[in-house]
Amino acid sequence: MRTNQHRYSMSIKLMSQVWSINADNITQKLILLKLADNASDEGYCYPSMSTIAKHCQCSRSTVNKHISLL
């Protein structure tokens, strides 16, 4: 049985890089960490805006705003 590798990926490499980034605010840092948490080491990630918002405890519009600023 073949599993969807990207769906359950987590990149420790990318998460470590996010910790060294000086984000504009804590929400932006949290969203970056969530993206890294869902990413492969190659940087592929496909979480929905709703999933990011739910896990980061913010609205979808907040997620969209911060991602557009990256």
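The values are calculated or read from the model by the stated rules, or taken from the named source; none is laboratory data. These figures come from a predicted structure and were not determined experimentally. What goes into the accessible areas is simple: the full protein's heavy atoms, side chains included, and nothing from ligands, DNA or RNA. Shrake-Rupley method; radii C 1.70, N 1.55, O 1.52, S 1.80 Å.
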**Report entry** Stretchable slack from GLN17 to ARG60, in nm (0.36 nm times residue separation minus alpha-carbon distance)
**Finding:** 13.0 nm
Query - Nearest-ten-degree value, helix 26-37 long axis tilted from longest Cα axis of the chain - result: 10
Query raised in the report: With every protein chain in place, what's the accessible area of ASP41 (1.4 Å probe, Å², nearest 10)?
Result: 80
Query raised in the report: Sorting MET10, MET15 by accessible area (1.4 Å probe), largest first, what list results?
Result: MET10, MET15
**Report entry** For the chain: relative contact order, % (alpha-carbon pairs under 8 angstrom, 6 or more apart)
**Finding:** 33
Query raised in the report: Which residues' amide hydrogens lie under 5 Å from the amide hydrogen of MET10, considering only partners 5 or more residues apart or on another chain, with H built in the peptide plane?
Result: none
Query raised in the report: Got a sec to turn the phi values of segment 53-63 into Karplus ³J(HN,Hα) couplings, 6.51 cos²θ - 1.76 cosθ + 1.60 with θ = phi - 60°, whole Hz, x for Gly and Pro?
Result: 4, 4, 5, 8, 6, 9, 7, 4, 5, 5, 4
